[in-house]
Amino acid sequence: MNQTITECAQQVLAGENLQRGQIDRLVSAAGQDFDDLLYWSNQIRQQYFGNKIRLCSIVPGRLGGCNQDCAFCAQSARYNTHVDKTPQTLTDDEILAAAAEAKRNGVPHFGIVYSGRAVTEAELVRLERLIAKITREMGLGMCAALGIINADQARRLAAAGLTRYNHNLETSERHFGRIVTTHMYADRVAAVRAAQSAGLGICAGGIFGIGETEADRIDMALSLRDLSVDTVPMNFLHPIPGTPLGDTPPLSPREILTIIALYRFILPRTNLKVAGGRTLNLRDLQSWIFKAGATSILTGNYLTTAGRSAQDDLQMLHDLGMETF
């Protein structure tokens, strides 16, 4: 076995974090011994999580018409994509129906996602009511992605029953300005800290395949570790025609699995959720994400692209001998 990968794995399994120099050596070794990397990433996953996999579903509470300029996003009103430039807001009944479907499908965690930089006071009041109803009547764990929030808004969401807040860093601080110019990386970090101040769990990760370097990927992982987030959604670019990244070649399945495995080494106790781009980019290798160290998946449709049905994902997990939580 590759000595560098083995030594890094043994240190992680002993409960010690890898430092930057070790991670750089691990990245180099990973390019030479892919099978060794996946063997040890699977060992790390099993030690800290067993065979338990978390399932989540989301609904777009507000879709499209976003005034931000994230270069990968079909919802930005600045780009000519298949998504309407006029924001489309789901009714209360539509959101409740989506939550009920998640429960019927055996998905215990449900998120409401809003496009745009932030929500208004009227929208926040509405969401407080919906979150309380869903948690009380359906017993689902609730997550929300509502853009940049402050500490008071976070406290109100927590009081309503929200358990986790999603706000991705997207990429490294160094690369961020090449992807987004309408707000700052620091704004995203501040929103994460505001949610933490209210006792909310944090779902924060990013998107890969957007022109970042290997160093950018490591930097983001270390930033997430420094922020002590408990869940890291890992999205892989699904190029959308009309966006600045619409012609970007997608990552290969092998590279995606390598990224997941490296994140498992760097964030051994953190829930790694494979989300957008899973179906398109991994194709027949979707089940390999768990050997690479993933402990969660987003199931069902995403925001602007189709995913896999919950039934197909539950069957995959059953066939692999894994449990859901």
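The values are calculated or read from the model by the stated rules, or taken from the named source; none is laboratory data. Please read these numbers as outputs of a predicted model, since none were measured by experiment. Positions of Cβ are backbone-derived with ideal geometry, glycine not excepted, and every protein chain shown enters the neighbour counts.
Below are the figures for this structure:
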item: The stretch 1-30 - residue that is among the polar types (S, T, N, Q) and not in a helix (DSSP H, G or I) and, of those, surrounded by the most Cβ atoms within 10 Å (Cβ to Cβ); result: Asn2
item: Scope the stretch 12-37; condition small (Gly, Ala, Ser) and over 19 Å from Tyr48 (Cα atoms); matching residues; result: Gly21, Ser28, Ala29, Ala30, Gly31
item: Filter result for Asp33 (surrounded by 15 or more Cβ atoms within 10 Å (Cβ to Cβ) and of a type outside the set (Lys, Arg)); result: yes
item: Residue within the stretch 41-54 that is at negative phi, at pLDDT 95 or above, of a type in the set (Ser, Thr, Tyr) and in a loop (DSSP other than H, G, I, E, B) present; result: no
item: The stretch 65-92 - residue that is at pLDDT 95 or above and among the acidic types (Asp, Glu) and, of those, surrounded by the most Cβ atoms within 10 Å (Cβ to Cβ); result: Asp69
item: Residues of the stretch 36-55 that turn out to be surrounded by fewer than 17 Cβ atoms within 10 Å (Cβ to Cβ) and in contact with a Phe, Trp or Tyr (Cβ under 7 Å, 6 or more places away or on another chain), as a count; result: 1
item: Lone unmet requirement of (1) within 25 Å of Phe208 (Cβ to Cβ); (2) touching a helix residue (DSSP H, G or I) at 6+ places or on another chain (Cβ under 8 Å) for Lys52; result: (2)
item: Where a residue in the stretch 118-140 is under 13 Å from Leu157 (Cβ atoms) and its partner, wherever it lies, is among the acidic types (Asp, Glu), with Cβ under 7 Å and at least six apart; result: Leu130/Asp92
item: Residues within the stretch 265-302 that are of a type in the set (Gly, Ala, Ser) and more than 12 Å from the chain's Cα centre (by Cα), tallied; result: 4
item: Yes/no for Val83 being closer than 27 Å to Ser309 by Cα and out of contact with any strand residue (DSSP E or B) (no Cβ under 6 Å at 6 or more places or on another chain); result: yes
item: Test for Ala144: is it of a type outside the set (D, E, K, R) and over 30 Å from His318 (Cβ atoms); result: no
item: Qualifying residue in the stretch 231-247 (condition: of a type in the set (Gly, Ala, Ser), in contact (Cβ under 8 Å) with a residue 40 or more places away in the chain and in contact with a helix residue (DSSP H, G or I) (Cβ under 9 Å, 6 or more places away or on another chain)); result: no
item: The stretch 166-197, subset surrounded by fewer than 16 Cβ atoms within 10 Å (Cβ to Cβ) and outside any helix (DSSP H, G or I), residue nearest to the chain's Cα centre (by Cα); result: Met184
item: Among residues of the stretch 31-40, those that are farther than 13 Å from Arg264 by Cβ and in a helix (DSSP H, G or I), counted; result: 3
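Matching residues to (1) in a helix (DSSP H, G or I); (2) within 30 Å of Ala100 (Cβ to Cβ); (3) under 14 Å from the mean Cα position of the chain (by Cα):
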{"residue": "Thr135", "(1), (2), (3)": "yes, yes, no"}
{"residue": "Met142", "(1), (2), (3)": "no, yes, no"}
{"residue": "Ile202", "(1), (2), (3)": "no, yes, yes"}
{"residue": "Glu212", "(1), (2), (3)": "no, no, no"}
{"residue": "Met220", "(1), (2), (3)": "yes, no, yes"}
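So that you can scan it fast, the table gives a plain yes or no per residue for (1) acidic (Asp, Glu); (2) at pLDDT 95 or above:
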{"site": "Met1", "(1), (2)": "no, no"}
{"site": "Cys8", "(1), (2)": "no, yes"}
{"site": "Glu16", "(1), (2)": "yes, yes"}
{"site": "Arg20", "(1), (2)": "no, yes"}
{"site": "Asp24", "(1), (2)": "yes, yes"}
{"site": "Gly31", "(1), (2)": "no, no"}
{"site": "Leu38", "(1), (2)": "no, yes"}
